[in-house]
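First the structure, in the form of structure tokens, and then the observations on it.
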Protein chains: 2
Amino acid sequence: MKITPQSIRIGTRSLPAQGGFLHAQSALDLLGLPFPADWEAFARTHTLTAPTRDFGCGPEATLSLPEFVRLGFAAQTPQARRWQKSAHTLIARMLAGDVRLSAQIAEANPDPQAQRWLHARLENQNARKALMSTVARHGGSELVYGQLGSISNRSVLGSDSATLRRERGVKSTRDGLNTEELLRLSYLESATARAIEERGVHGNEAILGVHRQLAERERQTWGGQRPASRAELSPSQAG
Amino acid sequence: MKITPQSIRIGTRSLPAQGGFLHAQSALDLLGLPFPADWEAFARTHTLTAPTRDFGCGPEATLSLPEFVRLGFAAQTPQARRWQKSAHTLIARMLAGDVRLSAQIAEANPDPQAQRWLHARLENQNARKALMSTVARHGGSELVYGQLGSISNRSVLGSDSATLRRERGVKSTRDGLNTEELLRLSYLESATARAIEERGVHGNEAILGVHRQLAERERQTWGGQRPASRAELSPSQAG
């Protein structure tokens, strides 16, 4: 998710970009704004701090995407008004959970690994939901849901979710995980759901027991001899 | 993608909703706007036409998502300003192709089929890209790309893409396809890529020949005896 495109699509137009920064002149043109004679003064007025980039004719001014959006919403030209309308529509579609928009965004990302991450992220949510519904059918009650998650996190991530969110600077734990971590969590939680069904396990303690056992095995499979870092999964492991 | 949620997440809050319409009072409250004493007059002033919905205490005013967004950008309360800032951030993330946002949007869709569609949509793009790169390695030149797509479309969709876009009211053909159609196209184009490799086919005519043959077979597998509607795939089929 680190590769950045050399052009960024805005509506029907494709603007030149370098490392995620838009070619300022093209971006202002899209908004119907003239390129200022004194860029330094314009940048100061609008608190623009994006670096210059070389688009083939030496260093030129750029706009970061947040800067472009800010200017776009502030401008009053007919072009900017049109752009604002399209931005309104995008926000409404986002709130509606429009998966077509979801696909468009994923396709705008030039990193082939980004789509793999998206698949892993959505699959992870499904694996989690499936485990929760299995647990509910097997007499699991309220507290157990959080505890299952804690065991998964400590085993796969070597950390609790609050620490992880802080360390990786994300609001939702899942957003902070890489594809491999998501895959491992999906695998582990699917394996536990399967074992609960097959063994006819019932009640919180028995469910947690199965999950601890499978978490330990998964960790051994993945990491060989390496012990879980900072993880105290159960009393038997602490000894 | 038809099921609509009974609540819609906006930032960190979850607003009551019915059939995709927001409970107006809660939505205005989020924007720091008082619920108007005379709703009819307020609705006229702001061209609000969303229907009333029953949230448990009889019919109440609602806002469509585009109406909410419009009011949100027009309002000048501190709460609305905060919301505008978060909307700006979302637009910037969308332009950047942020797959975390992509995942969030997909998760906001309560229809389990929507995620299946998203997978099929992204997979379709990958299958198409893989075919194009195979074709390029096997001496395919410019014109052949469009022709391959036409054959796929006529065979699976029974139509050309321009007609389909018009009939289904979409800008991008792929957005107008259902999960089944996307799956069939991915399958067909993957099968053709595989056959081109295996048979060592070379050049436009030979490539198109393979694709026509596989398109016909795929159609027979899928639809049994049913002939392709409106499709004239090759001279030999027209006769």
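The values are calculated or read from the model by the stated rules, or taken from the named source; none is laboratory data. Worth saying up front: this structure is predicted, and the values here are computed from it rather than measured. Backbone-built Cβ (ideal geometry, glycine too); neighbour counts: all protein chains shown. Remember, those area values only see protein heavy atoms, side chains included, never the ligands or the DNA or RNA. Shrake-Rupley method; radii C 1.70, N 1.55, O 1.52, S 1.80 Å.
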Given (1) basic (Lys, Arg); (2) without any contact (Cβ under 8 Å) to a residue 60 or more places away in the chain; (3) surrounded by 17 or more Cβ atoms within 10 Å (Cβ to Cβ); (4) more than 8 Å from chain B (Cβ to nearest Cβ), index of the condition A:Arg100 fails: (4)
Return the residues of the stretch B:110-143 that are outside any helix (DSSP H, G or I) and either out of contact with any Pro (no Cβ under 6 Å at 6 or more places or on another chain) or closer than 18 Å to A:Ala108 by Cβ (or both); say none if nothing qualifies. B:Asp111, B:His138, B:Gly139, B:Gly140, B:Ser141, B:Glu142
Out of the stretch B:122-131, which residues are open to solvent by 10 Å² or more (accessible area, probe 1.4 Å) and of a type outside the set (S, T, N, Q)? B:Glu123, B:Arg128, B:Lys129, B:Ala130
Based on what the data block shows, is A:Ile105 out of contact with any strand residue (DSSP E or B) (no Cβ under 7 Å at 6 or more places or on another chain), of a type in the set (Val, Ile, Thr) and more than 30 Å from A:Val201 (Cα to Cα)? yes
Where the second residue is surrounded by 20 or more Cβ atoms within 10 Å (Cβ to Cβ) and assigned to a loop (DSSP other than H, G, I, E, B) and the first is in the same structural domain as A:Leu208 (by TED's automatic domain parsing) and lies in the stretch A:137-162, which pairs have Cβ atoms under 7 Å and are six or more apart or on separate chains? A:His138/A:Val201; A:Arg154/A:Ala231; A:Ser155/A:Ala231; A:Gly158/A:Ala231
Would you confirm whether or not the stretch B:111-118 contains a residue that is among the aliphatic types (A, V, I, L, M), crowded, with 21+ Cβ neighbours inside 10 Å, modelled with pLDDT under 95 and farther than 30 Å from A:Leu22 by Cα? yes
Determine whether the stretch A:126-136 contains at least one residue that is facing chain B (nearest Cβ under 9 Å) and at negative phi. yes
Could you go through the stretch A:185-193 and let me know if any residue there is farther than 17 Å from A:Leu122 by Cα, assigned by TED's automatic domain parsing to the domain that holds A:Leu122 and touching a residue at least 60 places away in the same chain (Cβ under 8 Å). yes
Inside the stretch B:51-80, can you point out the residues that are surrounded by 13 or more Cβ atoms within 10 Å (Cβ to Cβ) and assigned to a helix (DSSP H, G or I)? B:Leu65, B:Pro66, B:Glu67, B:Phe68, B:Val69, B:Arg70, B:Leu71, B:Gly72, B:Phe73, B:Gln79, B:Ala80
Across the stretch B:168-185, what is the number of residues that are assigned to a helix (DSSP H, G or I), under 15 Å from the mean Cα position of the chain (by Cα) and not β-branched (Val, Ile, Thr)? 8
Determine whether B:Leu188 is more than 14 Å from chain A (Cβ to nearest Cβ) and either in contact with a helix residue (DSSP H, G or I) (Cβ under 9 Å, 6 or more places away or on another chain) or part of a helix (DSSP H, G or I) (or both). yes
With respect to B:Leu90, determine if the residue is under 19 Å from B:Leu15 (Cβ atoms), buried (at least 17 other Cβ atoms within 10 Å of the Cβ) and facing chain A (nearest Cβ under 9 Å). yes
If you scan the stretch A:145-162, which residues turn out to be open to solvent by less than 40 Å² (accessible area, probe 1.4 Å) and either within 14 Å of chain B (Cβ to nearest Cβ) or of a type in the set (A, V, I, L, M) (or both)? A:Leu148, A:Ile151, A:Val156, A:Leu157
What number of residues within the stretch B:163-172 satisfy the criterion of being farther than 26 Å from A:Trp117 by Cβ and either in contact (Cβ under 8 Å) with a residue 40 or more places away in the chain or within 14 Å of another protein chain (Cβ to nearest Cβ) (or both)? 5
Being part of a loop (DSSP other than H, G, I, E, B) and either open to solvent by 40 Å² or more (accessible area, probe 1.4 Å) or not assigned by TED's automatic domain parsing to the domain that holds B:Pro78 (or both) is the filter here; which residues of the stretch B:20-50 pass it? B:Leu33, B:Pro34, B:Phe35, B:Ala37, B:Asp38, B:His46, B:Thr47, B:Thr49
